[in-house]
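A.B. asks: Pasting a structure here, questions to come.
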Amino acid sequence: TGTVIFSTVDRQFYGFDVFSVGLTPNTSEQLLTDGVSVNFNAQFADDVGKSIVFISERTGAPRIFLLRDGDSPPQELGSVRGSLFHDRPIVNNGRLYFISAHELPGKPFRSWTALYSVAIDVEEEAVRLSPPGCADYSPAISKSGEFIAVASYGNRPWGGEFQELHTDIAVFRESDPQRRILLCEHGGWPSWCGDSVLYFHRKADDGWWAVFRIDLPEDFIMASGSPIAPVRVTPTGIHCFTPAAMHDGRRVVVATRRKGSIYRHIEIYDVERQEFTPVTELYNPNFHHYNPFVSPEDSSTVVGYHRFRGKGAADTVVRHLEPITSPIQNLGMLRINGTFPTFSPSADLISFNHKLIGNSVGLHIVRSDGSKRWTLLKNRVIFGNSWSPTDNNVIFTTIGPIFESAATTVQIARVTFQRADLSDDRDEIPVDIKFLTKENTGNNAFPSCSPDGKSVVFRSGRSGHKNLFVVDALEGEFGGDIRQLTDGPWIDTMPCWSPDGKLIAFSSNRHTSKEGAFGIYLINSDGSGLRRVKFAGSDEERERLNHVCFSPDSEWLLFTSNFAGVTAEPVSLPNHFQPYGDLYTARLDGSGLRRLTFNGYENGTPAWDREFLQVSKRHAADEDELEGQFEEPLWLIC
C-alpha cells in the first residue's frame with residue numbers, strides 16, 4: 001500500500017501527437033489526435049485514410065484508441081483486460097491486432113511482448129497469436145490480411161542488447177499462427193507490400209541503419225528451407241528505419257537521420273529510381289518525426305507519423321506529477337518531472353532533482369498533490385537526495401559530477417530551509433548548505449539518512465574504490481566519526497537505509513567482472529550480515545539491478561531491473577540510456593517478484609511512502625513549458 005514515485009527519462013517532454021500529410025499538390029499537414037497526453041504508433045483503420053488506431057497514455061498506461069473521421073474524443077478499444085502495455089495496433093477485417101505485455105514469460109531476461117487479436121465490434125477475449133514462450137514485436141499484416149509478419153526472438157532469451165535487437169523476421173498465416181516460417185535472420189519492423197514483398201530494417205555491416213527487401217516465392221509458407229537472403233534497398237551514408245511500404249511495389253516511406261543532422265525526418269524512397277523525396281522537413285525542419293504509416297490504397301495518397309505537437313497545441317505544459325496506472329491495488333504510482341524523488345516525513349512535500357538550462361541540475365521541492373514547486377538550489381550539478389526522517393526542514397543531497405571517477409571531488413551536503421518560506425508567491429527558497437564531507441576525499445554521493453536522523457550512509461571513492469561509508473548527519477566528518485561500511489575493489493553504490501533502521505540496501509558489482517552488471521545486497525546497519533538478494537531463475541552475470549529502496553514497513557524492496565528485457569524496438573523511440581529499466585518489487589529474500597512498470601522507456605530512481613497520494617487535477621501555475629526537449633538515441637551516430 002502507499003505511493004511509489006519514480007522518474008522516466010525525458011518521457012514527460014515528448015508531447016507526441018499523430019499527424020498526416022497528403023501526397024497530392026497543395027496539401028498541408030493535418031493534426032489527427034487531440035493533444036492529450038502522448039499519442040503515437042498509429043495506423044490507418046479504414047481504406048481511405050480518414051480513421052486511425054493509435055496508442056495513447058492518457059489513462060496512465062499505453063492503451064489502444066480508435067479515432068474515426070469526425071469523432072471526438074477517441075474511443076478506447078477493448079484489448080486485454082488487465083494489461084498495462086499495448087503497442088503497434090492494426091485494424092484488419094474487423095479485428096484488432098496488437099502487442100501486449102501482460103503474460104509472465106516464466107524466466108527472467110525474456111521479453112513479455114506477444115501478439116494478440118480481438119474482434120472490434122464483438123465482445124470476446126483476446127487471442128494470443130504468439131506461441132507460448134515466444135517474444136514478438138512490431139507486427140505487420142499483408143494487404144489481403146492472410147499473412148502476418150513479426151520481429152521475433154522466437155524462444156530465445158533476450159541477450160542484453162538494446163541498440164539493435166537481435167530479432168528475426170517470422171511470417172505465418174493469420175488462420176494458423178502456430179505454424180510460422182523463419183523468413184530472415186536479423187531484422188526488425190517488417191512492412192508488407194501486397195502479399196509477396198516484405199521490407200524491414202536492420203543495422204547494415206557498414207554501420208548505417210538500412211531498409212532491406214525480401215521477395216517471397218510462391219507457397220513460401222509451405223517451405224521449410226533456409227532463411228531467405230534479403231536485398232538492401234536504401235543506400236549507405238544515411239540512416240533509414242521503421243519502413244512503411246506502399247502497395248504500388250515501388251515506394252517505401254522511411255524515417256531517416258542524415259549525416260550532419262540531429263533531426264529524424266520522414267521521407268519517401270523510390271526503390272526503382274533510387275531517389276528520396278522529403279516529406280516532413282518541408283513542414284517542421286527542427287522537429288523529430290517518428291514511425292511513418294501509409295493509407296492502404298495502392299496509390300497510398302496519405303502518409304502519417306507522430307511528432308512533438310508544438311507550442312501552440314492544447315496540452316503544452318508538463319505536470320509536476322503524473323498518475324500512472326498501478327498493477328497492485330491500493331498502491332498508487334506517480335511519475336515525477338525530475339529524478340531522485342524523496343518524501344518529507346509528513347509526505348506533504350517531495351524533493352527531487354530537475355534539469356534546468358544546459359547540464360545544470362537543481363534541487364527542488366513540490367507539494368505532493370503537484371500544485372506548487374519551489375527551487376532550493378540551481379546552477380549546480382546535484383543528484384541523489386534523502387529527506388531527513390526526523391526533520392521536515394532538512395534534505396541531504398550530492399553536489400558535483402557523481403558519474404566521474406572515484407577520485408573526483410563530489411560532496412555530500414546537508415541542505416536546510418524554513419517551511420515558513422514556502423508560500424505560493426515565491427519560486428526560490430533561501431537555504432543553508434553545510435557540507436558533511438571534506439574536499440579532496442573523492443567521489444561522495446547518494447546519501448541516505450537513518451530513520452533516527454542521526455547518521456547518513458553514502459558512497460565514497462576515498463579508498464580508491466567506490467564503497468559505502470557512514471557519517472554523523474549533523475557534523476559529518478568535520479566533528480564526528482566516519483565509519484567504512486564496505487570495502488573492496490568494486491563498486492558499492494546507491495545505498496538506502498530501511499525505515500526500521502536495521503538494514504541498508506545497495507547495488508554492487510562485487511560478484512562479477514562483467515561490465516554493467518549489478519546485483520542487490522543487504523547489510524546490517526552495523527556492517528555485519530552482508531548478503532546478496534537472489535532471484536529465482538536469474539543469472540547474476542546479466543542482472544542490472546539498481547536504485548533500490550524499501551517499502552514503508554521494511555518488508556519489501558523496490559528497484560529497477562532488466563528482468564523483462566526490452567518492451568519495444570528502441571530505435572523507434574527517442575533516447576533512453578537503458579530502455580530495459582522497469583520497476584520491480586520483491587521481498588527481502590528475493591521472493592514475490594512483481595513488475596510495476598510496463599513501457600519501452602527507462603524508468604528509475606523510485607521512492608515509496610505509506611501515504612496514498614492524490615494529485616490535483618488542476619494545472620499548477622509553475623509547470624514547465626512543453627518544448628519537445630528530448631534527444632535522438634545517442635548511439636545513433638551520423
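A.B. asks: Express in nm, to one decimal, how much length is gained between Q329 and T1 on full extension, taking 0.36 nm for each residue of separation and deducting their alpha carbon distance.
C.D. replies: Working it through step by step, the gained length comes to 117.3 nm.
A.B. asks: Simple spin-label model, 7 Å along Cα-to-Cβ: R250 to H465 in nm?
C.D. replies: Between R250 and H465, the simple spin-label model gives 6.7 nm.
A.B. asks: On a C-alpha basis, how far is the centre of region 22-47 from the centre of region 153-214 in Å? Whole number, if you could?
C.D. replies: About 26 Å separates the Cα centre of region 22-47 from the one of region 153-214.
A.B. asks: Moving on. Against the empirical 2.2 N^0.38 Å scaling, what ratio does the C-alpha Rg of region 483-532 come to?
C.D. replies: 1.12
A.B. asks: Along Cα→Cβ, 7 Å out, is where each label goes; now give me the distance between the ones at A229 and D391 in nm to one decimal.
C.D. replies: Computed distance between label sites A229 and D391 equals 7.2 nm.
A.B. asks: Taking amide H atoms as placed 1.01 Å from N in the peptide plane, list the residues 5 or more away in sequence, or in a different chain, whose amide H sits under 5 Å from that of W556.
C.D. replies: The answer is S551.
A.B. asks: May I pose another question? Roll a 1.4 Å probe over the protein chains and send me the accessible area per residue for the chain in Å².
C.D. replies: Averaged over the residues of the chain, the accessible area is 39 Å².
A.B. asks: Mind grabbing the accessible area of D369 for me, 1.4 Å probe, Å², rounded to tens?
C.D. replies: 50
A.B. asks: Students often get this wrong, so check it: of K355/K502; K355/K617; K355/K438, which have C-alpha atoms separated by over 29 Å?
C.D. replies: With Cα atoms farther than 29 Å apart: K355/K502.
A.B. asks: Any idea how far apart R179 and R618 come out in nm if each label point goes 7 Å out from Cα toward Cβ?
C.D. replies: Rounded to a tenth, the inter-label distance reads 6.4 nm.
A.B. asks: Something else about it: Just the number, please: carbon plus sulfur as a percent of the accessible area of region 317-625, 1.4 Å probe, no ligands or DNA/RNA counted.
C.D. replies: 47
A.B. asks: Grab the other residues whose beta carbon is less than 12 angstrom from that of I262, score K and R as +1, D and E as -1, and report the net.
C.D. replies: +2
A.B. asks: Leaving out ligands, DNA and RNA, what percent of the accessible area of region 30-102 is carbon and sulfur, probe 1.4 Å?
C.D. replies: C and S fraction of accessible area: 44 percent.
A.B. asks: Tell me, Kirkwood radius of region 317-625 from alpha-carbon pair distances, in Å? Before the final figure, lay out each step's value.
C.D. replies: Values: mean 1/r = 0.0506 Å⁻¹.
After inverting the pairwise mean of 1/r, the radius is 19.8 Å.
A.B. asks: Between N26 and A536, what is 0.36 nm times their sequence separation minus the Cα-Cα distance? Round to one decimal in nm.
C.D. replies: Residue separation times 0.36 nm, minus the Cα-Cα distance, leaves 177.5 nm.
A.B. asks: Could you pull out the pairs from K514/K534; K311/K372; K107/K514; K378/K454; K434/K454 whose alpha carbons sit more than 19 Å apart here?
C.D. replies: K311/K372; K107/K514; K378/K454
A.B. asks: Treating only the Cα positions of the chain as identical point scatterers, give the base-10 log of I(q)/I(0) from the Debye formula at each q in 0.05, 0.06 Å⁻¹.
C.D. replies: Taken in order of the listed q values, log10 I(q)/I(0) reads -0.24, -0.34.
A.B. asks: Further question: Whole angstrom only: what separates the Cα centroid of region 291-322 from the Cα centroid of region 83-134?
C.D. replies: First find each Cα centre; the distance between them is then 24 Å.
A.B. asks: Report the charge-dipole magnitude of the chain in Debye, nearest 20, computed about the Cα centre from +1 at each Lys and Arg Cβ and -1 at each Asp and Glu Cβ.
C.D. replies: 1140
A.B. asks: Quick one: check the C-alpha center-to-center distance for region 563-577 versus region 335-391, whole angstrom.
C.D. replies: 27
A.B. asks: Tally Lys/Arg at +1 and Asp/Glu at -1 over every other residue whose Cβ is under 11 Å from the Cβ of P296; what's the total?
C.D. replies: Residues near P296 contribute -3 overall.
A.B. asks: Which order do T409, T390 take when ranked by solvent-accessible area (1.4 Å probe, heavy atoms of all protein chains), largest first?
C.D. replies: Descending accessible area places them as T390, T409.
A.B. asks: Given a 1.4 Å probe and heavy atoms of the protein chains only, how would you sort C184, C638, largest accessible area at the top?
C.D. replies: C638, C184
The values are calculated or read from the model by the stated rules, or taken from the named source; none is laboratory data. Note that the coordinates shown come from a computational prediction; the quantities given were computed from them, not determined experimentally. Don't worry about glycine lacking a Cβ; one is built from the backbone with ideal geometry, like all the others, and counts go over all protein chains shown. Side chains are part of the model used for accessible areas, which takes the heavy atoms of the whole protein and leaves out ligands, DNA and RNA. Shrake-Rupley method; radii C 1.70, N 1.55, O 1.52, S 1.80 Å.
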